[in-house]
Amino acid sequence: MKKLLSFIFLLLLVLGIIGYFLPTNFAVSKTTTISSTSAHLHEYVGDLNKWQTWTAWKSEDPEIEITIGERATGIGASQSWTDKHGGGSLTFTSWSPEKGIEYDLFFQGGKYKSKSAIQYDTSSQTRTRVRWSLEGDMSMPIIGGYFALFMKYSIGKMFQDGLNQLKSIVEEDK
């Protein structure tokens, strides 16, 4: 029994030391190419009322409750949500049918802030490359680095699922 407790203590100590040195910042980015103009694509990306048709949040957590703010489009458009992780909010800080959107994300009552963007690259008249990115910092001692690693994988999957759904919806709605 004493050996088992010593092993558990040593394991926790090693995990704590590793966690202390892990970077707490993270960056996630996923891309896809959609057969659409940026203006048509922006009808879905730039309008928070349409996000539930293509983002993966509902499929990841069917109990999530999303509330759209006073504005659903343009700079200052916002939404908040309550979910099994505590919830958060977002506010558009940049909004352009040609270039895409940028928004601030706040988690756990504003305790953690991240920057996110959905950007368009229109290299042709009929195709738009879409890049969805998120950058932030999980500045929690020891466990923040582990959370940052988790964000890269969990958010990355949700972003890719959302982009795949966006592609499907936009290309069907020509």
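The values are calculated or read from the model by the stated rules, or taken from the named source; none is laboratory data. The structure displayed is predicted, hence computed values, not measured ones. Cβ coordinates were reconstructed from backbone atoms using ideal geometry, including for glycine residues, and neighbour counts include every protein chain displayed.
Considering every residue within the range 105-125, establish whether at least one is assigned to a loop (DSSP other than H, G, I, E, B), more than 23 Å from residue 32 (Cβ to Cβ) and in contact with a Phe, Trp or Tyr (Cβ under 6 Å, 6 or more places away or on another chain). The answer is no; no qualifying residue exists. Mind listing whichever residues of the range 82-130 are touching a helix residue (DSSP H, G or I) at 6+ places or on another chain (Cβ under 7 Å) and crowded, with 16+ Cβ neighbours inside 10 Å? Of everything in the range 82-130, those that are touching a helix residue (DSSP H, G or I) at 6+ places or on another chain (Cβ under 7 Å) and crowded, with 16+ Cβ neighbours inside 10 Å turn out to be 97, 100, 101, 118, 120, 122, 128, 130. Screening residue 133 with (1) more than 11 Å from the chain's Cα centre (by Cα); (2) part of a strand (DSSP E or B); (3) surrounded by 15 or more Cβ atoms within 10 Å (Cβ to Cβ) gives one miss only, at (1).
For the range 50-93, which positions are farther than 15 Å from residue 158 by Cα and hydrophobic (A, V, I, L, M, F, W, C)? Answer for the range 50-93, where residues must be farther than 15 Å from residue 158 by Cα and hydrophobic (A, V, I, L, M, F, W, C): 66, 68, 72, 75, 77, 81, 90, 92. Right, residue 155: in contact (Cβ under 8 Å) with a residue 40 or more places away in the chain, surrounded by 14 or more Cβ atoms within 10 Å (Cβ to Cβ), assigned to a helix (DSSP H, G or I) and not polar (S, T, N, Q) or not? So residue 155 fits the description; yes. Any residue at all in the range 1-22 that's out of contact with any strand residue (DSSP E or B) (no Cβ under 9 Å at 6 or more places or on another chain), of a type in the set (Lys, Arg) and farther than 19 Å from residue 102 by Cα? Checked against the condition, which is being out of contact with any strand residue (DSSP E or B) (no Cβ under 9 Å at 6 or more places or on another chain), of a type in the set (Lys, Arg) and farther than 19 Å from residue 102 by Cα, the range 1-22 yields at least one hit. Within the range 72-81, work out how many residues are over 18 Å from residue 113 (Cα atoms) and surrounded by 15 or more Cβ atoms within 10 Å (Cβ to Cβ). Qualifying residue count, the range 72-81: 2. Being at pLDDT 95 or above, surrounded by 17 or more Cβ atoms within 10 Å (Cβ to Cβ) and over 30 Å from residue 124 (Cα atoms), is that true of even one residue in the range 45-56? Scanning the range 45-56, I find no residue that is at pLDDT 95 or above, surrounded by 17 or more Cβ atoms within 10 Å (Cβ to Cβ) and over 30 Å from residue 124 (Cα atoms), so the answer is no. If you go through the range 20-55 and keep only what is among the polar types (S, T, N, Q) and not in a strand (DSSP E or B), you end up with 24, 35, 36, 37, 38, 49, 52, 53, 55.
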